[in-house]
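J.: Once you've had a glance at the structure underneath, I'll fire off some questions.
The values are calculated or read from the model by the stated rules, or taken from the named source; none is laboratory data. All values reported here derive from a predicted model rather than from experimental measurement. Ideal geometry is used to build each Cβ from the backbone, glycine not excepted, and the neighbour counts take in all protein chains shown.
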């Protein structure tokens with residue numbers, strides 16, 4: 001099936017002319033992209049439809065809140081298009097295109113103006129990896145690597161496989177949810193996975209299914225084909241207001257993922273990116289939803305960890321009492337932080353780890369060039385579509 005991509009709300013039949021006019025200020029600021037397959041999953045009669053909320057702009061995105069680079073990725077850029085934050089893992093930004101643009105994207109900056117973080121020529125990044133034998137994992141991301149032309153993707157994977165100390169290649173993608181036909185209808189892509197995902201050096205496909213309705217028959221078929229080609233499939237998702245912030249919905253997602261063998265991996269706290277206030281859930285509420293969802297699942301479905309992908313590392317929320325919330329570094333930019341356990345007084349209004357700490361004042365997280373997030377009230381609007 002040929003998927004048709006759209007980059008203007010004028011091409012979306014489910015949106016009225018009045019709503020398009022109202023949403024124009026958002027699309028002027030944050031790009032829109034979708035396709036006919038994914039839009040077909042929306043119940044247009046339901047103004048709160050979670051798939052609609054995920055892909056169609058909403059007025060709340062204009063609220064002044066958040067950062068352009070909420071996890072301070074710029075601090076870990078070691079070569080053009082390459083980030084090295086954790087000892088064993090290098091991240092390569094290889095694509096500036098996605099199958100759709102998630103409205104809560106934490107890398108909106110890549111789709112605003114003349115973004116230069118993505119590099120088509122990865123030669124300098126590969127030289128850096130070659131010079132750092134401690135790196136065993138190469139993560140391809142962007143943008144979405146599976147939106148690259150198959151020959152280009154194969155070239156990238158092949159060049160990485162020439163580096164002996166790279167054991168795992170990870171591909172971060174939402175294509176199985178946004179456009180599963182990209183996988184189902186391209187045997188060359190599956191041949192590439194088959195060629196380079198070996199018994200001793202696997203390719204991991206890190207999918208992003210955010211809601212159980214994205215797991216359609218064809219999406220499950222795409223996952224199965226990737227698995228049959230030798231890839232290990234794991235899923236990660238942010239916890240997003242109006243999409244999966246319901247324990248029953250999140251549990252259904254965990255269950256269905258486990259049924260098809262796409263292991264639940266991370267559930268992320270929504271990052272405080274510019275425009276994300278309308279999607280954010282406070283940390284402690286997110287943790288409650290996450291734990292309530294896990295109580296509804298089998299052991300195989302409850303393997304995900306709830307983490308904050310912070311500038312200093314992946315900080316897991318591991319528990320709370322009436323008065324305190326408990327954290328642990330699951331990954332850390334500073335090796336001395338690995339496994340560190342932290343206890344902070346409960347803060348029901350906290351949306352990010354910094355809301356529990358004074359790290360901003362110490363300068364350990366945000367430098368003087370970074371603006372503090374504006375958590376003021378949203379601007380008044382004359383219409384409320386979405």
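J.: For segment 70-77, check the following and say yes or no: at least one residue is at pLDDT 95 or above, in contact with a helix residue (DSSP H, G or I) (Cβ under 7 Å, 6 or more places away or on another chain) and either surrounded by 15 or more Cβ atoms within 10 Å (Cβ to Cβ) or within 22 Å of residue 181 (Cα to Cα) (or both).
T.: No, every residue in segment 70-77 fails to be at pLDDT 95 or above, in contact with a helix residue (DSSP H, G or I) (Cβ under 7 Å, 6 or more places away or on another chain) and either surrounded by 15 or more Cβ atoms within 10 Å (Cβ to Cβ) or within 22 Å of residue 181 (Cα to Cα) (or both).
J.: May I pose another question? Could you list all residues from segment 162-188 that are under 27 Å from residue 88 (Cβ atoms) and under 25 Å from the mean Cα position of the chain (by Cα)?
T.: 166, 167, 168, 169, 170, 171, 172, 173, 174, 175, 176
J.: Scan segment 197-207 residue by residue and report those that are in contact (Cβ under 8 Å) with a residue 40 or more places away in the chain and not in a loop (DSSP other than H, G, I, E, B).
T.: 203, 206, 207
J.: Being modelled with pLDDT under 95 and in contact with a helix residue (DSSP H, G or I) (Cβ under 7 Å, 6 or more places away or on another chain), is that true of even one residue in segment 143-160?
T.: Yes, that holds for at least one residue.
J.: Can I ask one more? Scan segment 44-77 for residues that are within 16 Å of residue 100 (Cα to Cα) and assigned to a loop (DSSP other than H, G, I, E, B) and jot them down.
T.: 56, 57, 58
J.: Moving on to the next point. Is it the case that some residue within segment 108-130 is in contact with a helix residue (DSSP H, G or I) (Cβ under 6 Å, 6 or more places away or on another chain) and under 28 Å from residue 339 (Cβ atoms)?
T.: No, the conditions are met nowhere in segment 108-130.
J.: Turning to a different aspect of this structure: State all residues of segment 208-230 that are closer than 23 Å to residue 244 by Cα, within 21 Å of the chain's Cα centre (by Cα) and in a helix (DSSP H, G or I); if no residue qualifies, say none.
T.: 212, 213, 214, 219, 220, 222, 223
J.: Determine if segment 304-319 includes at least one residue that is in contact (Cβ under 8 Å) with a residue 24 or more places away in the chain, on the phi > 0 side of the Ramachandran plot and surrounded by 15 or more Cβ atoms within 10 Å (Cβ to Cβ).
T.: yes
J.: Also: Considering 286, 258, which residue is without any contact (Cβ under 8 Å) to a residue 60 or more places away in the chain, farther than 30 Å from residue 135 by Cβ, buried (at least 19 other Cβ atoms within 10 Å of the Cβ) and touching a helix residue (DSSP H, G or I) at 6+ places or on another chain (Cβ under 6 Å)?
T.: Going through 286, 258 in turn, just one is without any contact (Cβ under 8 Å) to a residue 60 or more places away in the chain, farther than 30 Å from residue 135 by Cβ, buried (at least 19 other Cβ atoms within 10 Å of the Cβ) and touching a helix residue (DSSP H, G or I) at 6+ places or on another chain (Cβ under 6 Å): 258.
J.: Answer yes if at least one residue in segment 35-43 is at pLDDT 95 or above, touching a helix residue (DSSP H, G or I) at 6+ places or on another chain (Cβ under 6 Å) and part of a strand (DSSP E or B), and no otherwise.
T.: No.
J.: If you don't mind, there's one more thing I want to ask. I'm checking my understanding of the structure. Among residues of segment 78-105 that are more than 17 Å from the chain's Cα centre (by Cα) and outside any strand (DSSP E or B), which one is surrounded by the fewest Cβ atoms within 10 Å (Cβ to Cβ)?
T.: Across segment 78-105, the extreme among qualifying residues is 88.
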